[in-house]
Amino acid sequence: MSTVSILEVKTQNDLKQFVKFPMDLYKNNPYYVPSFIKDEFKIWSAEENPALTYSESKQYLAFKDQKVVGRIAVIINHKEEKELGIKKVRFGWIDFIDDKEVSKALIQKAIDYAKEHTIDMIEGPMGFTNLDKAGMLTMGFDKLATMIGIYNHEYYPKHLEALGMIKEKEWVEYEMNFPKVLPEKVEKFSGLIAQKYKLKVLNFKSKEEILPFVEPMFKLLDETYKHLSTYTPISDEQIKTYREKYFPFIDKNYVICVVDENNQLVSFAITMPSYSKALQKSKGKLFPFGWWHFLQAGKKNDRANFYLIGIHPEYQRRGVTAIIFKEIFVRFTSMGIDFAETNPELEENKSVQLLWQDYNPVNHKRRRTYSLRIND
């Protein structure tokens with residue numbers, strides 16, 4: 001019987017195998033959506049990824065019969081430890097064939113890494129920060145993945161549970177058939193709330209007009225989610241990185257910003273046309289022809305994804321979401337959007353989930369991180 005060997009990623013060729021392994025594993029899978037290959041390489045570059053300034057990480061490949069059969073990355077986020085007092089090894093970028101010896105060897109590598117650093121807990125899949133992809137899919141294996149969601153085979157969670165790993169955090173995702181008629185409650189309150197608090201929606205004439213609001217959006221995210229147990233503030237370097245990564249895909253018509261009478265941002269929502277099929281067709285590359293698929297997806301699409309939404313604490317529970325959703329309704333209707341899908345939301349974050357209550361949301365995906373306490 002052939003054995004499983006685990007080797008650390010050290011060369012550029014190793015990293016290439018690490019990045020491209022899931023594309024081979026999910027070849028011809030109709031639900032898997034690849035990441036941008038170029039962006040995946042940047043993640044492991046200290047010059048490109050600001051999280052590496054306060055984190056340490058290693059990547060590993062699993063081999064069997066001289067063939068790559070799995071991968072895993074291990075991460076220690078020292079900022080998380082310093083600011084939240086949470087000491088753990090994060091593991092992510094975990095993929096493997098349906099072979100329990102392979103998954104066991106990969107998780108053992110994470111355990112060994114934790115022991116080397118006198119840490120007694122591992123958790124994953126997750127990235128370096130709150131804005132990285134996280135959570136292993138446990139429901140919705142027959143649903144098309146999104147640009148910012150992890151897709152995995154149905155056997156993944158079974159393997160981890162067989163190793164004694166338990167649920168640590170749970171995320172839910174919702175799909176909505178976008179209404180043809182705006183709910184009466186939203187129509188009624190949007191105008192009243194705007195008038196009462198002297199709020200207005202900004203109408204951007206170009207993408208460039210959005211740029212001055214990018215940093216305030218991320219600062220508002222901090223204010224919106226800082227009460228969650230796992231949230232760490234976003235650094236200025238991270239803001240720059242995410243702006244450069246995602247801004248090229250932003251369409252001004254999909255960005256809603258609500259400001260007060262002093263032009264201060266109080267709420268925003270970033271949505272995008274679904275680029276899932278475009279990513280599939282481009283196989284994770286914008287060039288030479290991938291850009292065409294993205295251009296077409298932006299012009300003609302019946303599906304949109306919610307990516308980020310932020311509401312200043314002073315305006316939460318004051319009906320400001322009615323303004324946002326009225327504006328989304330007007331824009332989506334004009335663009336022919338029939339379906340909308342939320343990003344993963346922590347199960348405990350009920351306030352965000354209430355945002356969709358008037359749109360008959362269907363919980364179509366669930367995902368979770370798994371943890372393991374290490375006993376010497």
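Structure summary
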quantity: In the stretch 178-194, residue surrounded by the most Cβ atoms within 10 Å (Cβ to Cβ) [restricted to those that are in a loop (DSSP other than H, G, I, E, B) and not hydrophobic (A, V, I, L, M, F, W, C)]; calculated: P183
quantity: Single condition K326 does not satisfy, out of (1) touching a strand residue (DSSP E or B) at 6+ places or on another chain (Cβ under 6 Å); (2) within 30 Å of A194 (Cα to Cα); (3) in a helix (DSSP H, G or I); calculated: (1)
quantity: Considering residues of the stretch 128-151 that are in contact with a Pro (Cβ under 7 Å, 6 or more places away or on another chain) and small (G, A, S) only, the residue nearest to N343 (Cα to Cα); calculated: G149
quantity: Among (1) among the charged types (D, E, K, R); (2) assigned to a strand (DSSP E or B); (3) closer than 14 Å to P125 by Cα, the one test that E175 misses; calculated: (3)
quantity: Options H227, H153; residue that is exposed (fewer than 13 other Cβ atoms within 10 Å of the Cβ) and assigned to a loop (DSSP other than H, G, I, E, B); calculated: H227
quantity: Lone qualifier among A114, A105 - being farther than 30 Å from N253 by Cα and in contact with an Asp or Glu (Cβ under 8 Å, 6 or more places away or on another chain); calculated: A114
quantity: In the stretch 103-130, the residues that are among the β-branched types (V, I, T), in a loop (DSSP other than H, G, I, E, B) and more than 22 Å from the chain's Cα centre (by Cα); calculated: T118, I119
quantity: Among the residues listed as F329, F294, F289, F339, the single one being closer than 30 Å to Y31 by Cβ and surrounded by 21 or more Cβ atoms within 10 Å (Cβ to Cβ); calculated: F329
quantity: Top-ranked residue of the stretch 58-103 - restricted to ones that are touching a helix residue (DSSP H, G or I) at 6+ places or on another chain (Cβ under 8 Å) and of a type in the set (V, I, T), ranked as nearest to L137 (Cα to Cα); calculated: I94
quantity: Matching option when the condition is under 17 Å from A340 (Cα atoms) and in contact with a Ser or Thr (Cβ under 6 Å, 6 or more places away or on another chain), among E168, E173; calculated: E173
quantity: Qualifying residue in the stretch 78-99 (condition: open to solvent by less than 20 Å² (accessible area, probe 1.4 Å), more than 23 Å from R373 (Cα to Cα) and modelled with pLDDT of 95 or more); calculated: no
quantity: Considering residues of the stretch 30-69 that are of a type in the set (S, T, N, Q) and free of Cβ contacts under 8 Å to residues at least 12 places away in the same chain only, the residue nearest to L106 (Cα to Cα); calculated: Q66
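Table: residues versus (1) hydroxyl-bearing (S, T, Y); (2) closer than 21 Å to K245 by Cβ.
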site	(1), (2)
A278	no, yes
S282	yes, yes
L286	no, yes
D302	no, no
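The values are calculated or read from the model by the stated rules, or taken from the named source; none is laboratory data. Quick caveat, the model's predicted, so the values are computed rather than measured. Using ideal geometry, Cβ is built from the backbone for each residue, glycine included, and neighbour counts are taken over all protein chains shown. Side chains included, ligands, DNA and RNA excluded: accessible areas come from the protein's heavy atoms. Shrake-Rupley method; radii C 1.70, N 1.55, O 1.52, S 1.80 Å.
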